[in-house]
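Scroll down for the structure; my scribbles are underneath it.
Nothing in this text is a laboratory measurement; each read-out follows from the coordinates by a stated rule. Please read all numbers here as calculations on a predicted model, not as lab measurements. Don't worry about glycine lacking a Cβ; one is built from the backbone with ideal geometry, like all the others, and counts go over all protein chains shown.
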Amino acid sequence: MSTTVETSKQGGALAATANYLDERAGVGGILKNFGRKVFPDHWSFMLGEVALYSFVILLISGTFLTFFYQPAMTEVIYDGAYVPLKGAQMSIAYASSLDISFEIRGGMLMRQAHHWSALLFVAAAGLHMLRVFFTGAFRKPREINWLVGFMLFILGMAAGFTGYSLPDDLLSGNGLRIIDGMIKGIPVMGTTISSFLFGGEFPGTEIVARLYGLHILLVPALILIFIAIHLFMVIIHKHTHYSGPGRTDENVVGYPLMPVYVAKAGGFFFIVFGVVMAISATFTINPIWNYGPYDPSPVSAGTQPDWYIGWLDGALRLAPSNLDVSILGYTYPFGVLIPLVGSLVFLGLVAVYPFVEAWVTGDKREHHVLDRPRNAPVRTAIGAAGVTFYGVLWAAASTDLIAVFFQMSLNHVLTVMQITLIAGPVVAYIITKRTCLALQRKDREIVLHGRETGRIVRLPHGEYIEVHEPLDKFEMYKLVDFKDYRPTVVRPNKYGKITVGTRMRAALSRLYFEDRIAPVTQTELNEAQSHDHSPAVSAPAAQDQLTK
Amino acid sequence: MKNRFFRSRRKPLAATLVIAAGLLFSGGGYAVATSVVETSATEYTAEQISEGRKLFLANCASCHGLNSEGSAAGPSLIGVGAASVDFQVGTGRMPGQGSGPQLPKKNVQFTDEQISLMGAYIASLAPGPAIPEQKYLEATGDATHGGELFRINCAMCHNAVGAAGALTEGKYAPNLEGSEAKHIYEAMLIGPQNMPVFNDANITPQDKNDIITYLAYLEENPSAGGFELGNLGPVAEGLFLWIFGLGLIVAITVWLGAKSN
Ligand code: HEM
């Protein structure tokens with residue numbers, strides 16, 4: 001105790017405060033522990049941070065907006081600054097959004113910053129998710145955190161959608177109308193759910209206030225909670241790292257959180273903030289004044305949702321529209337139900353993927369070293385198929401714009417997309433898997449024989465050889481350090497039965513690991529070196545030694 | 001090429017009969033409703049008409065027929081009026097060139113004088129929509145009302161601010177930026193291609209003026225929020241964010257990551 005007091009005298013005000021807190025709340029212990037956590041450096045590890053900082057910008061700009069936005073659907077006559085709407089009848093919500101844009105000082109900037117950072121939030125989260133997927137960062141012990149991240153992505157979509165509807169302009173009203181249509185398409189209960197949500201017949205006079213409650217309270221609170229859990233889990237599990245000398249499943253290599261990492265992260269926040277602000281100050285987003293007040297009759301060409309809802313809109317556009325079936329007095333609009341169920345199934349698959357893979361590999365070890373995507377060919381191929389599927393749906397949300405700008409027939413664009421939606425993922429799967437295997441084979445070659453230099457040398461006895469440059473240790477680690485799985489064998493369980501589950505698992509396991517390229521072993525490496533003509537391949541230890 | 005284009009546009013017999021019957025019934029009412037339009041604002045002299053005919057024979061008859069009765073390569077122009085000629089030639093759509101579901105705009109190939117002469121000739125064949133009066137083209141109407149009319153009648157094809165939209169089978173409603181007041185008015189009057197006719201009973205001349213006023217306002221006042229990304233809505237915004245927003249940030253992360261190694 002006395003020593004701490006002494007340091008506080010030397011350290012001035014900051015240290016005094018720290019000491020004050022430490023003596024009363026034991027913060028020091030926590031901070032010391034927390035500060036010693038290590039965070040490895042790689043650009044792809046910063047994507048999650050980008051999402052986090054976008055969320056901070058959303059909180060700041062959103063709070064500003066709440067000061068001026070009024071979530072009421074009472075009709076008023078607009079008398080603001082935007083000339084082509086003067087005298088128009090509109091809801092208070094729309095009028096106040098226009099006022100934020102044209103009359104409140106800094107309002108336009110804040111509205112645009114809020115919307116641009118909303119797009120960035122979901123985009124960064126999505127890219128972050130892809131990074132986690134393709135590097136296998138979701139493996140034990142991080143499966144639960146994958147689920148938490150997944151929930152954050154869904155909540156981001158929800159926050160975006162509820163926010164998008166608040167200005168009560170024509171575009172957002174059209175979006176709500178589509179949601180209303182989808183809800184009403186749900187068999188039996190659809191109409192009831194819709195009138196429950198909208199407080200009667202669409203659009204009613206309630207929906208904006210309800211969405212507002214969800215948008216500024218429920219959804220952000222849930223996001224905050226999930227972010228807290230997410231980050232807490234990252235600290236408990238420690239961050240993953242890419243393979244390299246001294247990096248194993250038992251350690252993390254990087255900078256300590258305090259002070260290096262925190263200082264860096266703080267700086268990075270301002271970079272993200274700066275980019276968002278620069279964009280918001282120069283590029284229009286959601287020009288609600290162009291769309292006009294919501295009115296159920298008109299629908300403009302180019303009516304689209306924000307990008308993160310785009311894939312759902314695309315699913316609706318691609319679904320066959322003539323599949324209404326009447327059963328027992330209820331109509332089942334399959335043009336709506338297929339996209340609805342299809343997108344839920346897709347999301348479900350994304351959510352459970354880590355568990356499926358763990359089950360297939362039967363791997364119960366902890367993993368802290370990331371995979372290079374090529375070293376997990378089937379996972380990477382599945383990911384590529386999923387990305388293609390999502391990408392086609394996403395692109396399908398802009399069939400009309402594609403048709404206009406590439407001067408194609410809208411009907412052809414739709415047909416091509418429908419075909420691509422089915423065939424694209426299959427093709428992507430095959431190409432990706434083959435590419436991964438080829439890359440692995442190339443890696444093997446490089447490890448065993450070094451890198452080709454293009455330098456041809458004539459030996460004294462007349463033989464020509466190409467000089468191969470040996471790899472340095474860092475590169476070598478990258479190329480040999482990965483797990484090698486083999487297909488599981490179907491074995492009877494303790495009752496001597498082979499269950500359907502076992503069979504399925506064996507089949508999937510075969511799918512995953514039938515075609516595989518094993519990592520180079522020490523024996524192979526030694527052998528290659530003794531055979532090799534190139535003199536310089538020094539002997540960096542191969543996998544077995546490296547990982548221990 | 002031309003022939004195939006036309007065959008695909010030809011409607012089946014049944015549809016033709018239905019339309020003929022419909023026209024028979026509604027024709028009377030329509031004639032009354034549009035009679036205002038058909039009285040020409042300017043009276044053409046016989047000399048103008050014959051000059052116009054010469055121009056027509058030299059430039060248009062190959063497709064539209066020697067007596068504008070139409071041919072396999074172009075529709076009949078009898079009764080389309082001076083407004084239609086002014087629109088089609090004045091926006092550079094005519095004389096037609098190339099093929100496809102919708103003839104594209106090109107540089108205008110005739111002087112205003114020549115266009116009005118050809119218009120005079122076509123108007124002399126049968127009554128049709130006339131060139132609009134200048135007083136409706138001054139963009140002095142009510143922009144709010146014009147905006148409302150535009151959203152209800154035009155935005156579903158042309159987009160909320162006239163930034164273009166797709167129709168079926170490769171047809172499209174073009175971007176309206178840069179369209180002259182006269183051509184906007186005439187487009188409503190004649191309904192080129194797949195665009196419906198908005199006659200004066202439907203949208204009065206004053207309403208048309210309001211729409212012109214609204215479009216003029218949009219043209220003169222760029223977005224208060226900054227660059228507009230083509231006014232194409234959320235798709236353009238999303239692409240921009242992914243490519244330039246996130247792209248820039250990822251580039252920065254790569255740079256930061258590279259520095260620390
Ligand atoms: C969590 C992520 C969030 C996302 C993805 C998000 C997204 C959006 C979007 C897309 C809009 C439409 C903006 C426009 O163009 O006018 C919006 C509006 C709005 N948001 Fe958020 N938001 C989030 C969080 C918040 C928070 C935390 C608050 C308040 C504390 C907030 C307050 C508002 C308000 C008041 C509006 C209406 C503004 C207007 O209509 O002009 N948002 N939000």
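Overview of results
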item: Extension reserve of the A:Glu524-A:Leu217 stretch, reckoned as 0.36 nm per residue once the Cα distance is removed; result: 104.5 nm
item: Ordering of A:74-81, B:174-181 by burial proxy (mean other Cβ atoms within 10 Å per residue, highest first); result: B:174-181, A:74-81
item: For segment B:194-203, Karplus couplings with θ = phi - 60° (6.51, -1.76, 1.60), whole Hz, Gly/Pro x; result: 7, 6, x, 7, 10, 6, 5, 6, 7, 10
item: Amide H partners (placed H, <5 Å) of A:Val76, local residues excluded; result: A:Met90, A:Ser91, A:Ile92
item: For segment B:118-126, Karplus couplings with θ = phi - 60° (6.51, -1.76, 1.60), whole Hz, Gly/Pro x; result: 5, x, 4, 4, 5, 5, 6, 6, 6
item: Sequence of B:Lys182, B:Lys135, A:Lys473 once ranked by neighbouring C-beta atoms within 10 Å, starting from the fewest; result: B:Lys135, A:Lys473, B:Lys182
item: Proportion of all alpha-carbon pairs of chain A beyond 43 Å (%); result: 35
item: Debye equation applied to the C-alpha atoms of segment A:363-465, log10 I(q)/I(0) at 0.14 Å⁻¹; result: -0.75
item: Alpha-carbon centroids, segment A:74-123 and segment A:183-215: separation in whole Å; result: 24
item: Share of Cα-Cα pairs in segment B:41-125 lying beyond 14 Å, as whole percent; result: 60
item: Sites B:Gln114 and A:Gln407 - FRET efficiency at Förster radius 22 Å, r taken between beta-carbons, to 0.05; result: 0.15
item: DSSP-defined beta bridges in chain A - what % are antiparallel, rounded to 5; result: 95
item: Diffusion constant of segment B:88-165 at 10 °C, which comes from Stokes-Einstein with the Kirkwood Cα-pair radius and 1.306 mPa s, µm²/s; result: 103
item: Amide proton proximity set for A:Arg451, modelled H, under 5 Å, gap of 5+; result: A:Glu469, A:Leu471
item: Debye log10 I(q)/I(0) for segment A:422-527, one point scatterer per Cα, at q = 0.17 Å⁻¹; result: -0.95
item: Kirkwood Rh, angstrom, segment A:265-383 [1 / mean 1/r, Cα pairs]; result: 20.0
item: Whole-number D in µm² s⁻¹ for segment A:40-312, Kirkwood Cα-pair radius fed into Stokes-Einstein, 4 °C, 1.567 mPa s; result: 63
item: For segment A:65-153, Kirkwood radius (reciprocal of mean inverse C-alpha pair distance, Å); result: 16.0
item: C-alpha long axis of helix A:143-164 to longest principal axis of chain A, angle in °; result: 30
item: Fully extended contour minus Cα-Cα distance, from A:Phe270 to A:Phe67, at 0.36 nm per residue; result: 70.6 nm
item: Kirkwood-Stokes translational diffusion coefficient of segment B:141-220, alpha-carbon pairs, 10 °C, 1.306 mPa s, µm²/s; result: 128
item: Ranked list, fewest to most other Cβ atoms within 10 Å of each Cβ, for B:Val89, A:Val341; result: A:Val341, B:Val89
item: Residue exposure sequence - A:Ile419, B:Ile252 - by fewest surrounding Cβ within 10 Å; result: A:Ile419, B:Ile252
item: Karplus 3J(HN,Hα) series, Hz, for segment A:62-75 with 6.51 cos²θ - 1.76 cosθ + 1.60 (x for Gly, Pro); result: x, 4, 4, 4, 4, 5, 10, 7, 10, x, 10, 9, 4, 7
item: Amide proton proximity set for A:Tyr332, modelled H, under 5 Å, gap of 5+; result: A:Val325, A:Ser326, A:Ile327
item: FRET efficiency, B:Ile243 to A:Ala13 (Cβ-Cβ, R0 51 Å, nearest 0.05); result: 0.60
item: Cα gyration tensor shape for segment B:125-168, rounded if a/c is under 1.5, else prolate or oblate; result: oblate
